[in-house]
Amino acid sequence: MTPGSVARRYAKALYELAAEEGSVEQIATALAEIATAVAGIDANSLAPGVLDAASRRALGEALAGPVGPDSTLGKFLRLIVERDRVTELPGVQFWFVKRLDEEAGRVRATVTAANELTDSQTESIVAVFRPIAGRDVLPEVSSDPDLLGGAIVELEGRVYDGSVKTRLARLAARMAGAG
């Protein structure tokens, strides 16, 4: 599911500040680590209205500490927590990276294969999807033995399913309908 418009607006503002100071890549890296940490916390404990002002201030300082409280990202983190939007951080990170990829002329593809892919297999998949995307493709590869063989590629909201599991399911459905 794509994060909402609040996260998108925050990401846009942060990206513009980072671009002005030439720190987009550094902020992207730090933001990914922080967003992953926040996503691992029970969302109900961070939901708007749960934390009082003092707790939000302490959380903001704790998040900003490792990146420098007076850095652009540190100030941003304190602001987003102060405004009781800490649960938006994973979404902010999503939109920030999406903008970074757009600016760099690339797109991310999620590749799920039945087995671990070799570098040459991954490059073959990238070569197939580069013309479809019309730009560089950054594969995020994982494996799922339940696929039996083949792979599933998700690129810009479209799913390309070349798994053996799906092919067998289609064959079974056709055979059931023919009987």
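Quick look at the numbers
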| read-out | value |
| --- | --- |
| Exclusive hit being modelled with pLDDT of 95 or more, surrounded by 18 or more Cβ atoms within 10 Å (Cβ to Cβ) and at negative phi, set Ala64, Ala18, Ala13 | Ala18 |
| Only listed residue being under 23 Å from Glu16 (Cα atoms) and either in contact with a Gly (Cβ under 8 Å, 6 or more places away or on another chain) or surrounded by 14 or more Cβ atoms within 10 Å (Cβ to Cβ) (or both), chosen from Val137, Val141, Val126, Val81 | Val81 |
| From Arg106, Arg83, Arg130, residue being out of contact with any helix residue (DSSP H, G or I) (no Cβ under 8 Å at 6 or more places or on another chain) and within 22 Å of Ala58 (Cα to Cα) | Arg83 |
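The values are calculated or read from the model by the stated rules, or taken from the named source; none is laboratory data. None of the values given here were measured: they were computed from a predicted structure. Neighbour counts run over all protein chains shown; Cβ positions are idealised from the backbone, glycine included.
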